[in-house]
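Nothing in this text is a laboratory measurement; each read-out follows from the coordinates by a stated rule. These numbers were taken from a predicted model, which means no experiment stands behind them.
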Amino acid sequence: MAEIVLSAKIRDEFGKGAARRLRRDNMIPAVLYGHGTDPVHVALPAHATMLALRTANALLDIELEGSKPQLALPKQIQRDPIRDTVEHVDLIVVKRGEKVHVEVPLIVTGEPRGEAVVILDQNTILLQVEATRIPPHIEIAVEGQEIGYTVTAADLVLPEGASFDVEPDALILSIQAPQAKDMGESAAEEAQDEAGVEEASEE
């Protein structure tokens, strides 16, 4: 994963008022910590930071005034629930060669044969991987696959040196007949109807 360079400024004012002033100046308050160092309170450029955080597990190269650059990963992102703007970011310091635990999105590519349905059991996978080699996502190709095809954690193609933090036989994806899904929905609807009849009878 390519490193995204962000220029940061040390901030010495805290509280809601100071945070609002920063945001009016198109800056985002953040804190940088990890590896036994004291937390460093910084301000990040708003537009560049929001663009960077569109990528899952974005590896940030924080250029801090008066200090050497530091690699960091977003640990927690606080967003405005209405405008979906970034309000605050917690950044954890990482080092080159260090392995970290991250959740990586799973992306399905291609279409199965016929009318088969792809069932994705989970949307992410927890990986242990070098901080500088975190993939943006893991692809699962299903082009032309037939009903009964399955993918487990052991089948995933991971970056060199990466490993998954789940059981190897954990089911990730399966291809099923479309009627299997329809039957499940019909059974659920039938159960709801029966429950409704019983409630009506009790009344």
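Remarks
- The fraction of all Cα pairs in region 4-95 landing in successive 5 Å bins from 0 to the largest distance is 3, 14, 28, 28, 17, 8, 2, 0, given as whole percents.
- Mean residue ellipticity at 222 nm, helices only, the chain: -6500 deg cm²/dmol; runs of at least 4 DSSP H residues each add -39,500 (n - 2.57), and the sum is divided by the number of residues.
- Normalised contact order of the chain, rounded percent, pairs of Cα under 8 Å and 6 or more residues apart: 17 percent
- Here the convex hull built on the C-alpha positions of the chain has a volume of 208 cubic angstrom per residue.
- GNM flexibility winner over the chain from 151, 94, 166 (Cα, springs under 10 Å): 166
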